[in-house]
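A.B. asks: Quick one: this structure, given as structure tokens, is what I'll be asking you about.
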Amino acid sequence: LGAMGTEEPVAVYDPATDPHRPERLSLMSDLRKVLEGAPGVHGELELVYQPKLHLPTGRIDGAEGLLRWRHPVAGPLAPDAFIALAEETGNIRRLTRWVLGAGIEQAGRWQAAGDELRLSLNVSARDLDDVDLPRRVAGLLAAHGVSPSRVVLEITESAIMGKPETAIAVLRRLAEQGIELAIDDFGVGQSSFAYLRRLPVRELKIDRTFIAHLADSREDRAIVRSIVELGHDLGYRVTAEGVEDARAIDLLREMRCDHAQGYQVGRPLSASAFLSLVSSRAGVEA
Ligand code: C2E
Ligand code: MG
Ligand code: MG
Ligand code: MG
């Protein structure tokens, strides 16, 4: 399966960690231009789609949309190279607006074509301060004819910690509209079950650090098995992130984990490569 994937773009330089380099300033103003839709630059942003394998059926039933910035000079940049920068410079909301627009438009194409696929999109902590977010998402779903239950928004545990009351209100309003919520990178944040209990969450995504050594580590197997059980007891679906080998898929299936995502299932792909993978794999066991 790995052979079907495109290469992951590699960010060679991380301006977010280096406040003094001139590249940081220029990347910041480049990002602003891209988001303002200056002529010729809008096409630099792209969503790629990483398949999610439904373990009980062996079918790919969804994807996570991941942002890429094809910077003309710096080359393809992974989000770690510019999301933090966008957050610091107040551009994250506009970036998220672009992601939601592009993602929900894509989900609309899938739904119109009769493909039963769910799309997960990432939102940042700063997006959850935005009381307009639920209305904006509702508008996009209506505009593109997408059922809310086909869209999952991924948040990290730390996203709720900043302004918890606003974040919880925004998340509840999204959930009332039928949009599903997932906790991303579960297990590495400052887990607060007190918050989790108050959130309308449908899915936990187990951080890939617990999955990487699953076949070799009895401890990691114990942790993952417990998270799956806890998640199911609380009524959540559970996804394992960063699944890189076939043995981990077998173990996760034995543990009754619901979904697997990672290079073993598929790399992040262009929309058309993703659809080819879905149809070539329909009904095939992993
Ligand atoms: P994430 O949401 O936890 O996404 C999973 C990351 O793990 C992705 O990196 C993906 O390419 C990578 N990955 C997937 N499978 C494997 C695997 O088998 N092994 C390993 N080692 N890595 C794997 P990516 O695309 O670089 O994204 C990094 C983070 O950037 C994401 O973590 C997410 O937090 C953030 N991000 C990505 N797109 C967006 C976006 O549109 N908006 C926001 N706010 N954040 C985004
Ligand atoms: Mg994610
Ligand atoms: Mg994650
Ligand atoms: Mg992550």
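Values quoted throughout were computed directly from the atomic coordinates according to the rules given, and no laboratory measurement underlies them. Since the structure is predicted, the reported quantities are computational estimates derived from the model, not experimental observations. Here the Cβ positions follow ideal geometry from the backbone for every residue, glycine too, while neighbour counts run over all protein chains shown.
A.B. asks: Could you work out which residue, out of Gly266, Gly162, Gly231, moves most in a Gaussian network model of the chain, that is, has the largest mean-square fluctuation with Cα springs under 10 Å?
C.D. replies: Highest fluctuation among the options: Gly162.
A.B. asks: Got a sec to turn the phi values of segment 169-180 into Karplus ³J(HN,Hα) couplings, 6.51 cos²θ - 1.76 cosθ + 1.60 with θ = phi - 60°, whole Hz, x for Gly and Pro?
C.D. replies: Listing the rounded values in order: 5, 5, 5, 5, 5, 4, 5, 4, 7, x, 7, 8 Hz.
A.B. asks: A further question on this structure: For the chain, what is the charge dipole size about the Cα centre, in debye to the nearest 20, if Lys and Arg each add +1 at the Cβ and Asp and Glu each add -1 at the Cβ?
C.D. replies: Charge dipole of the chain: 660 debye, to the nearest 20.
A.B. asks: Would segment 65-145 count as rounded, prolate or oblate if I go by the C-alpha gyration tensor, calling it rounded below 1.5 in a/c and otherwise prolate when a/b exceeds b/c, oblate otherwise?
C.D. replies: Oblate.
A.B. asks: Separate question: Springs between alpha-carbon atoms under 10 Å, Gaussian network over the chain: tell me which of Ala212, Ala194, Ala86 tops the mean-square fluctuations.
C.D. replies: Among Ala212, Ala194, Ala86, the largest mean-square fluctuation in the Gaussian network model of the chain belongs to Ala194.
A.B. asks: With a ≥ b ≥ c the root eigenvalues of the C-alpha gyration tensor of segment 44-203, is it rounded (a/c under 1.5), prolate (a/b larger than b/c) or oblate?
C.D. replies: Rounded shape, in that the Cα axes give a/c under 1.5.
A.B. asks: According to a simple spin-label model (label point 7 Å from Cα along Cα-to-Cβ), what is the distance in nm between Gln190 and Ala282?
C.D. replies: Placing both labels 7 Å beyond Cα along the Cβ direction yields 4.8 nm.
A.B. asks: Please give the helix 92-112 orientation as an angle from the longest Cα principal axis of the chain, in degrees from 0 to 90, rounded to the nearest 10.
C.D. replies: Its long axis makes an angle of about 50 degrees.
A.B. asks: Ignoring everything except DSSP H segments at least 4 long, calculate the 222 nm mean residue ellipticity for the chain; use -39,500 (n - 2.57) per segment, divide by total residues, nearest 500.
C.D. replies: -12000 deg cm²/dmol
A.B. asks: Under the rule a/c < 1.5 gives rounded, and otherwise a/b versus b/c splits prolate from oblate, where does the chain land using the Cα gyration tensor?
C.D. replies: It is rounded, given that a/c, with a ≥ b ≥ c, falls under 1.5.
A.B. asks: Within segment 173-197, list the residues whose amide N lies under 20 Å from a label point set 7 Å along Cα→Cβ of Glu165.
C.D. replies: So the set is 173-174, 194-197.
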